[in-house]
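Reading through the structure tokens given below for one structure.
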Amino acid sequence: MPELPEVEIARRNLVRWFDGRRLERAESDPSRIFRGAERARFSRLQGRLVSLVRRGKYLLFAFEEDRGLLAHLGMTGKFVRRQEGEEVPYSRARFHLDDGRVIHFADARMFGRMEPVAASGLRDLEVVRDLGRDPLADGLTAGQLQQAVGDSRQDLKVALMDQGRVAGLGNIHAAEALFRARLHPTRKPASLGPEDWKHLVQAIRESIDFGLEEQEGEEPVYLEEGRTENPFLVYGRGGGPCSRCGSTVESFLQAGRTTHACPKCQPRGRTGK
């Protein structure tokens, strides 16, 4: 599932693909990715890409003449580039460039989102305005993380996934960061001490950096697509051996999402590394 690193890689790819190119034509198929937005407005996108910004898991496209687009990859969405005429499975929207190539937004499950709006109004959209601090774009210190998450009464992992508190973290990288920091996902934020926050913010940086390295390239492959090897330290390893100590990794539900944790490396009452 796309999280901050995957969306950032998509942004970097798109910036490179649009560089020096002109969008000649945008087209889309009727699908729920527009979610009530004015789909016809998508077809009016054209010209050069002026800027492409990522905020959390959202991409903010700004084209010439104040034409803009908000995009979210959802669960299975991705941008891929092909030659004109090549078919792409689950292509829902397409950007035809002046070099004969086409950028497809492919989304098998259609949980992704496209919303054409004025470029000048992108940052004023409620979903963008309500985002918390972005660990990569804004930077994140231990104090800022504590301020964002420390007052939550939710479990620590659930609070980390709240996009209004920390933008971009999802199920994978919240689990990975907590494993790296040796903190159990069910801990309450108020139980963390100063050293815990330092370890956790460093672990978030390390998990994001790993994700960026893992997904670098033109054709991102998500774990849910059946890739041959799970690259993560704890996520997706429920019932198997811990990558650090060999203990059996726990698997349980938190706020409707599957959580993975090592009972030895992440004891419920332990503080710090």
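For segment 102-114, what does the Karplus curve 6.51 cos²θ - 1.76 cosθ + 1.60, with θ = phi - 60°, yield as ³J(HN,Hα) per residue in whole Hz, taken in order and with x for Gly and Pro?
Couplings: 10, 9, 9, 9, 9, 8, 5, 9, 6, 8, x, 9, 10 Hz.
Out of these labelled values of log10 I(q)/I(0) by the Debye sum over Cα atoms at q = 0.08, 0.09, 0.10 Å⁻¹, [x] -0.36, -0.45, -0.54; [y] -0.44, -0.53, -0.63; [z] -0.29, -0.37, -0.46, which was calculated from the coordinates shown here?
Computed from these coordinates, log10 I(q)/I(0) by the Debye sum over Cα atoms at q = 0.08, 0.09, 0.10 Å⁻¹ corresponds to label [x].
With the chain treated as a Gaussian network of Cα nodes joined by springs under 10 Å, which of GLU229, GLU87, GLU27 yields the largest mean-square fluctuation?
In this elastic network of the chain, the residue with the biggest mean-square fluctuation among GLU229, GLU87, GLU27 is GLU229.
Can you give the angle from 0 to 90° between the axis of helix 171-181 and the longest principal axis of the chain, with both taken from C-alpha atoms, to the nearest 10?
40
Let me have the relative contact order for the chain, percent, based on Cα pairs under 8 Å that are six or more residues apart.
On the way: 563 pairs, mean separation 48.1, N = 273.
That works out to 18 percent.
Cut-off is 10 Å between beta-carbons; in what order do GLU214, GLU224 appear when sorted fewest neighbours first?
On the way: GLU214 16, GLU224 12.
The order, fewest Cβ neighbours first, is GLU224, GLU214.
Considering Cα pairs under 8 angstrom that are at least six residues apart, work out the relative contact order of segment 142-261 and quote it in whole percent.
24
Among GLY68, GLY170, GLY246, which one shows the biggest mean-square fluctuation in a GNM of the chain, springs joining Cα atoms closer than 10 Å?
So, out of GLY68, GLY170, GLY246, the one fluctuating most is GLY246.
For segment 85-91, what does the Karplus curve 6.51 cos²θ - 1.76 cosθ + 1.60, with θ = phi - 60°, yield as ³J(HN,Hα) per residue in whole Hz, taken in order and with x for Gly and Pro?
Here the 3J(HN,Hα) series is x, 6, 8, 10, x, 6, 5 Hz.
Assign unit charges at the C-beta atoms only (+1 for Lys and Arg, -1 for Asp and Glu), then state the dipole size of the chain relative to its Cα centre in Debye, rounded to the nearest 20. Spell out each step's value before the answer.
Working: 44 positive and 40 negative charges, 166 e Å.
The dipole of the chain has a size of about 800 debye.
Report, by chain and number, residues whose modeled amide H sits under 5 Å from the one on THR259, excluding near sequence neighbours (fewer than 5 apart, same chain).
Correct list: PHE252, LEU253, GLN254.
Using the beta-carbon distance between LEU253 and ALA190 and R0 = 35 Å, what value does 1/(1 + (r/R0)^6) give for FRET efficiency, to the nearest 0.05?
Details: r = 22 Å, r/R0 = 0.64.
About 0.95, to the nearest 0.05.
Which whole-Hz ³J(HN,Hα) couplings does segment 243-258 yield from phi under the Karplus relation 6.51 cos²θ - 1.76 cosθ + 1.60, θ = phi - 60°, glycine and proline marked x?
5, 9, 10, x, 5, 6, 6, 6, 9, 8, 8, 9, 6, x, 10, 6
Please report the relative contact order for segment 4-129, taking Cα pairs under 8 Å with a sequence separation of at least 6, and give it as a percent rounded to a whole number.
On the way: 274 pairs, mean separation 36.9, N = 126.
Once normalised by length, the contact order is 29 percent.
Starting from the Cα-Cα distance between GLN83 and VAL53, subtract it from 0.36 nm times their residue separation and give me the gain in nm to one decimal. Mind dumping the intermediate values first?
Numbers: separation 30, 0.36 × 30 = 10.80 nm, distance 2.53 nm.
Working it through step by step, the gained length comes to 8.3 nm.
Hey, which aspartates and glutamates would be in cross-link range of LYS198, C-alpha to C-alpha under 14 Å, not counting anything within fewer than 8 residues on its own chain?
Result set, ordered by chain and number: GLU206.
Using the basic label-point model (7 angstrom from Cα toward the beta carbon), what is the GLN147 to GLU224 distance in nanometres?
Each label point lies 7 Å from its Cα, and together they span 3.4 nm.
Laboratory data are not the source of any read-out in this text; all were calculated from the coordinates shown. Computed from a prediction, not measured in an experiment: that's the story for all the values here. Quick reminder, even Gly has a Cβ in these numbers, built from the backbone with ideal geometry, and neighbours come from all protein chains shown.
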